[in-house]
Amino acid sequence: MAIKIKEFINRLKEYNTTWKTEPRSGQLHSISVLFDTPDQIIEAAKATANAGYKKFDVFTPYPVHGMDEAMKMKESKIGWIALLAGITGAITALLMIGWMGGIDYKNIIGGKPFFALPGSIPITFELTVLFSALVTTAAMVALFNKLPWTSNPLHETPFMKSVTSDKFGLVIEAADKHFDERNVENFLGQLHGHSIEKVYYPIPDVGKTKTPVFDLKFMGVIAVTAILTAIASYAVLNKVLYTQPFNWMWEQPRLNPQAQSNFFGDGFGMRMPVEGTVARGFIPYEYKGMPDSVIKLLANPLALTEEVIQRGKVKFDIFCSPCHGYYGQGDGRLKGQFPNPPTLHSEKVRNWQDGNIYNVITNGQNVMPAYDKSVAREDRWAIIHYIRVLQRSQNAKDTDLEGK
Amino acid sequence: MSFDSTYTKELPLVESKTSFSEIDNVIAAPMESKPGKTWFLLLALSVTMLLFGAVCLGLTFWFGIGLWGNNQPVGWAFDITNFVFWIGIGHAGTLISAILFLLRQRWRTAIARFAEAMTIFAVMTAGIFPLIHVGRPWLAGYLLPYPNQNNVWPNFYSPLMWDVFAVSTYLTVSFVFWYIGLVPDFATLRDRTKAGIKKALFTILSLGWRNSNRHWQHYERTYLILAGLSTPLVLSVHTIVSFDFAVSVIPGWHTTIFPPYFVAGAVFSGFGMVSTVLIFVRKVFHMEHIITVNHLEKMNKILLATGSIVGYAYAMEFFIAWYSGNPFEMFVFINRAFGPYAWAYWTMISCNVIFPQLFWFKKIRRAIPVTLVIVILVNVGMWFERFVIIVTSLHRDFLPSSWGMFVPTLYDTGILIGSFGLFFTLVLLFARTLPVISIAEIKAVVPGAQPTHKHHTNGQH
């Protein structure tokens, strides 16, 4: 196995060297001739075109005026590509703006219509230019000139090195219909040029492997690049972007509820309101510490409706039932973790006025804490209505069964 | 490149009859020789500036743009000033390569490549500023209309959105234009280079270009089309940049003169920068016979013309402020010239309007040291123009209770210095790695480079 790989690598190395060796061993590609001045090359091009050759080409270090006519070439049609691409760009832009702003995500901006042509013109113009420029360039390179093509037989010849510097060259290709090696050589000899040379195809001797894509080095580089790209993309997208300074506003310099803070002496993030602070719309409870006889004058402001009773039930079940039980019998679900309160159906409680119950809920009694902070005032009154319903249900008289 | 020169009599574009291979040698020389001490010194200087800016920018990313001097009411300050300044610098390149090409100004050949490169570098530098201005530049991708998790499309009727399209199109098209111009030169360099990585790179970059006339035909037509597309493009870019201001309702910004005024200012500042750099380049790389005094003189004439247009715009702004009868507009302009930022205003006026007027004298146009001083002043003046437009229009709001002052912090200044560092670093690297003058194009304008057409004209050459 190891020997086979070694052999394979050697073959690839040979491939790389034979490609560049001179003289080349392949078929004849063309015959080339060089000239020194632009006047000479123009004359030579005219003569070649007049002699009926079609597959010939002129190579000049810069575009020479009048060469297109001398070679009898048709005008370039690339302008049409530019026009079509530009129109495509304009239509794309208008459809994009129209669909995105006018159909898919309608948003009123400055009272303008969802699709406004005047405001769309700048972007339409830019995309027209962008499409036209990119497509025309790509078409020039790939479609019209058949590039990139770095393995043309003319590359790496003395001829090519001259015409990219200071000489003017002419080439007649072997693929031409009228090509005859001797005739062409004679013809080129009459053109007052010099350095007439035959250009051959190089034959790459690569054994059984035809394509250099399988070069181990090449594949290795591709594999390493792929792995590095993957690691880098993962790191950037999943790690780097979520570290400082890339701030997604998830972490902000502020105090969260229930969070610790070293800023305050007591270590709490949440603060109590300043002593004596009165919330907006808050009416202080005036009966605190007053005798029951005064408190009982406090009347329930809520009308006795089914809605109120339902609200009272919800709040009772949430706040009162853990200790008092769902029916107020003092059989809460705390199972001895907290002392069970007495039943709400005692004579005492049944005879209490609403005001007395309200006072107990608001300020607490014995071990029961005050609920003024956690149960809203109206809800306390609703709870009282519900307690009355419970008391009535638990102490129903026989006469209650009689219909009205 | 294909046009007839017989109808104008011009000064020679390349001094003395230079052979083609000599052109190759001169232009390739900086790429094939070891750089001298001067180059390394300049590179060290510009990289230091770049690093200083990078540190200031890094700190800005870390702590936020509160490090800058921006405040209420001056919410736009150095960042947008620098953006408009650098975008403006970029306009000279396209003007030279596209508009002067269409106008058959063949003298552009010697300076076009360098100016195009400067366009790309300037637009790259400019592009940084709107991104960092938004505070969290890593979210800038949301500017592009792609279907993202927010299910929201951008607002296509905002000048800031137009900016995104205009600047990115401009950068792309400028780059393509530049690269297409480089392809034949890469072919020349490929065939000059013997072997190695350089050869491989030039082979890839040249796309296998063979200087074939069947290719030149499409190439030239494409070049012409690109020039035709770039011309309205370059005008649109600074027009749209001026819309950032003109479409708002701030007194001092809300004027219809802005688009042409900005375009003229951009060309003016761009030519100033191109001249500044070329004066050094031709000296350091011994290209005085290719980038001649005639070229500099022609650029000075353009500076004179655009400087006068800019001066006219300054005057017209004042006239309209008075003629409109709008008290807010009048206040802004009186405040500009005589308020707390009057020093900036008069710096701008003297650098942009007064000094370039010296170019009316031929002796001054052709005196290189004087030209250098004036073009540097033009750069300073044009930076101050953007500063004046932005800061003086904002710093005194409608209510005196909202008046404030903008004072740049170390970070503002550092990022400005860093932008110059980035630009000059790129310019210096470019000057050593790519042909700074178009080899193919300059060969085409050497005396005797084009056929005499004995058969149909008696033309001269």
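The values are calculated or read from the model by the stated rules, or taken from the named source; none is laboratory data. Remember, it's a predicted structure, so these values are computed and weren't measured experimentally. Neighbour counts are summed over all protein chains in view; Cβ atoms, including those assigned to glycine, are modelled from backbone coordinates with ideal geometry.
Things worth noting here:
- Qualifying residue in the stretch B:87-105 (condition: outside any helix (DSSP H, G or I), touching a strand residue (DSSP E or B) at 6+ places or on another chain (Cβ under 9 Å) and touching a residue at least 40 places away in the same chain (Cβ under 8 Å)): no
- So A:ILE97, is it within 7 Å of chain B (Cβ to nearest Cβ), outside any helix (DSSP H, G or I) and surrounded by 13 or more Cβ atoms within 10 Å (Cβ to Cβ): no
- Annotation note: Cβ proximity below 6 Å between a residue of the stretch A:155-179 that is over 15 Å from A:LEU28 (Cα atoms) and within 10 Å of chain B (Cβ to nearest Cβ) and a residue that is in a helix (DSSP H, G or I) and among the hydroxyl-bearing types (Ser, Thr, Tyr) (sequence gap 6+ or interchain) occurs for A:THR164/B:THR188; A:SER165/B:SER21; A:ASP166/B:SER21.
- Check on B:ILE279, in contact with a helix residue (DSSP H, G or I) (Cβ under 7 Å, 6 or more places away or on another chain) and not in a helix (DSSP H, G or I): no
- If the condition is being in contact with a helix residue (DSSP H, G or I) (Cβ under 7 Å, 6 or more places away or on another chain) and hydroxyl-bearing (Ser, Thr, Tyr), then the stretch B:104-144 contributes B:THR109, B:THR119, B:THR125.
- Residues in the stretch B:428-444 that are more than 19 Å from B:GLU288 (Cβ to Cβ) and under 17 Å from the mean Cα position of the chain (by Cα) were compared, and the one that is surrounded by the most Cβ atoms within 10 Å (Cβ to Cβ) is B:LEU428.
- Selection status of B:ASP163, charged (D, E, K, R), touching a helix residue (DSSP H, G or I) at 6+ places or on another chain (Cβ under 7 Å) and closer than 20 Å to B:ALA115 by Cα: no
- Test: residue in the stretch B:57-75 that is over 20 Å from B:GLY135 (Cβ atoms) and either surrounded by fewer than 16 Cβ atoms within 10 Å (Cβ to Cβ) or modelled with pLDDT under 85 (or both): no
- Scan of the stretch A:128-140 for residues that are buried (at least 22 other Cβ atoms within 10 Å of the Cβ), hydrophobic (A, V, I, L, M, F, W, C) and at the interface with another protein chain (Cβ under 7 Å from one of its Cβ atoms), ordered by number: A:VAL129, A:LEU130, A:ALA133, A:MET140
- Exactly one residue out of A:GLY110, A:GLY66, A:GLY89 is crowded, with 18+ Cβ neighbours inside 10 Å, assigned by TED's automatic domain parsing to the domain that holds A:PHE179 and on the phi > 0 side of the Ramachandran plot: that is A:GLY66.
- Within the stretch B:293-320, considering residues that are free of Cβ contacts under 8 Å to residues at least 60 places away in the same chain and in contact with a Gly (Cβ under 9 Å, 6 or more places away or on another chain), the one nearest to B:VAL388 (Cα to Cα): B:ALA313
Yes/no per residue for (1) modelled with pLDDT of 95 or more; (2) closer than 12 Å to B:ILE257 by Cβ:
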{"site": "B:GLU297", "(1), (2)": "no, no"}
{"site": "B:GLU317", "(1), (2)": "no, yes"}
{"site": "B:ALA321", "(1), (2)": "no, yes"}
{"site": "B:VAL332", "(1), (2)": "no, no"}
{"site": "B:GLY339", "(1), (2)": "no, no"}
{"site": "B:TYR345", "(1), (2)": "yes, no"}
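- Of the helices (runs of 4 or more DSSP H) contained entirely in the stretch A:330-404, those carrying at least 1 residues that are surrounded by 13 or more Cβ atoms within 10 Å (Cβ to Cβ) and in contact with a Lys or Arg (Cβ under 6 Å, 6 or more places away or on another chain) fall at A:354-363, A:377-394.
- Odd one out for A:GLN252 among (1) outside any helix (DSSP H, G or I); (2) modelled with pLDDT of 90 or more: (2)
- The set of residues from the stretch B:194-226 being in a loop (DSSP other than H, G, I, E, B) and either closer than 18 Å to B:PHE430 by Cβ or within 9 Å of chain A (Cβ to nearest Cβ) (or both) comprises B:SER206, B:LEU207, B:GLY208, B:TRP209, B:ARG210, B:ASN211.
- Residue count for the stretch A:6-37 under the criterion of being in the same structural domain as A:LEU191 (by TED's automatic domain parsing) and either at pLDDT 60 or above or in contact with a Phe, Trp or Tyr (Cβ under 8 Å, 6 or more places away or on another chain) (or both): the result is 15.
- In the set B:GLY228, B:GLY252, B:GLY208, only one residue is touching a residue at least 24 places away in the same chain (Cβ under 8 Å), within 26 Å of A:MET67 (Cα to Cα) and of a type outside the set (D, E, K, R); that residue is B:GLY228.
- Residues that are facing chain A (nearest Cβ under 9 Å), exposed (fewer than 15 other Cβ atoms within 10 Å of the Cβ) and in a loop (DSSP other than H, G, I, E, B) within the stretch B:136-178 comprise B:ASN151, B:VAL152, listed in sequence order.
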